[in-house]
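Structure first, commentary second.
The values are calculated or read from the model by the stated rules, or taken from the named source; none is laboratory data. A quick note: this is a predicted structure, and the numbers were derived from the prediction, not measured. Ideal geometry is used to build each Cβ from the backbone, glycine not excepted, and the neighbour counts take in all protein chains shown. Just so you know, the surface numbers come from the protein's heavy atoms only, side chains and all, with ligands and any DNA or RNA stripped out. Shrake-Rupley method; radii C 1.70, N 1.55, O 1.52, S 1.80 Å.
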Amino acid sequence: MMGADYSTSRRKVLVVANGYPSQERPWKCPFNHRAVKAIEPFWKPSVVTMRAWLPWRRSRMFDFDGIQVRELLAPHLPRLWYNNEGGRFGLKNLFIGAAVESIYNQISKATVDADLIHSVAVGPHAFAAQQVADYSGIPHIVQLIGGDVTRLDVAFAQSASFQKWAKKVSFFIANSKSLQVTFEEKTALSFQIATIYRGVDPSVFTPDL
């Protein structure tokens, strides 16, 4: 309804992102913040974001531009999970398993009263978010953004563990039709999936006619 007041009826969405801005790093994945602010009038968002574990870092919570953010520390996977390299899945699965378990334990603390989990990009954080969704019964949507799909190894995408995860996800959203098609081809599965293009704010970007 045009002009409706959503302030008292907004449902809660937990956005699980592999990067998010902070006061110290305002340049980090600003597109994630813009998307969260865009849905804020309709949903009550909170964010869980990942940062590589280092001995001196600690998990923390902070506010960024009115959005509550929980920053988690997880093992750094330098594109290891994207590539197969001759079918040697042992080391990759070991690292993925460690990362997913670590992230799962921390995400589960942030899902109190959430109505929806929205993961930005395919990756260990989205695998962990699905485990939380399985346990809590909360629907889980995964957004395909680009490199997470184009670098996704076909053998990995068609492995039993990946296929089991993908079939449990409630819905997939692709940022472009080509990403949707590429993901469907690599996984060889038919999903609940739709293309939703990222919008442009016409008050900021106006065509020069």
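Side notes on the structure shown:
- Segment 103-202: trypsin sites (Lys or Arg not before Pro) in DSSP loop, at most 13 other beta carbons within 10 Å: 151, 198
- Calculated FRET efficiency, residue 63 to residue 155, Cβ-Cβ distance, R0 = 45 Å: about 0.60 to the nearest 0.05.
- Too-long pairs where the Cα-Cα distance tops 27 Å, listed order kept, from 28/109; 109/164; 28/168; 44/109; 109/177; 109/168: 28/168; 109/177
- Area accessible to solvent at residue 9, 1.4 Å probe radius, in Å²: 80 Å²
- Computed accessible area, residue 117, all protein chains, 1.4 angstrom probe, square angstrom: 0 Å²
- Accessible-area value, residue 24, 1.4 Å probe, nucleic acids and ligands omitted, Å²: 120 Å²
- If the segment from residue 204 to residue 168 were pulled out straight at 0.36 nm per residue, it would be longer than the present Cα-Cα gap by 9.1 nm.
- Computed FRET value (nearest 0.05) for residue 184 with residue 134, which takes r as the C-beta separation and R₀ as 22 Å: 0.40
- Fully extended contour minus Cα-Cα distance, from residue 53 to residue 31, at 0.36 nm per residue: 5.6 nm
- Largest-first ordering by accessible area, 1.4 Å probe, given options 104, 197, 135, 20: 135, 197, 104, 20
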